[in-house]
1. Would you mind ranking V71, V51 so that the residue whose beta carbon has the fewest other beta carbons within 10 Å leads the list?
2. Taking 8 Å as the Cα distance limit and 6 or more residues as the minimum spacing, I'd like the relative contact order of the chain as a percentage.
3. What range in the chain is the longest one free of trypsin sites (Lys or Arg not before Pro) that are in a loop by DSSP and have at most 14 other Cβ atoms within 10 angstrom?
4. If you compute Cα Rg over 2.2 N^0.38 Å for the structure shown, which of [x] 1.03; [y] 1.41; [z] 1.11 do you land on?
5. Arrange V20, V7 by Cβ neighbour counts within 10 Å, fewest through most, would you?
Amino acid sequence: MFADLAVEVTRLRREEGRDVALTFITHAECHIPRPTVEALARDASLYGIFVLPSRPMALDYLPLLHRHQIVTAETLARGASTRRRALEIVEDAAGLGGERAAGVVDADA
């Protein structure tokens with residue numbers, strides 16, 4: 001699916017001159033081939049939200065994302081922090097302007 005998406009994003013950029021921003025939300029890790037993510041990152045701003053990873057994130061494509069968020073089980077276990085964390089993610093996603101930024105990691109605060 002991501003390979004098909006990369007083809008479509010390239011077409012939108014080339015033929016229609018569109019700026020594309022992609023946000024994907026996935027449970028735990030999402031294994032996408034690095035060349036596919038490289039192709040997507042050339043033509044789109046990429047934002048990944050990883051929910052409930054069972055171990056530290058070790059995806060080789062993570063540095064290619066413009067931004068990313070990691071939501072841990074600890075955050076979801078605390079009611080007050082769940083709402084705050086969701087709002088932080090929405091605010092961060094709304095501010096994505098195509099600039100590559102350091103990924104934001106769940107601090108479980």
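Values quoted throughout were computed directly from the atomic coordinates according to the rules given, and no laboratory measurement underlies them. As the structure is a prediction and not an experimental result, all values here were calculated from the model. All Cβ positions, glycine included, derive from the backbone under ideal geometry; neighbour counts span all protein chains shown.
1. In order of increasing Cβ crowding within 10 Å: V51, V71.
2. Numbers: 152 pairs, mean separation 26.5, N = 109.
Relative contact order, the chain: 24 percent.
3. 19-77
4. It is the value labelled [z].
5. V7, V20
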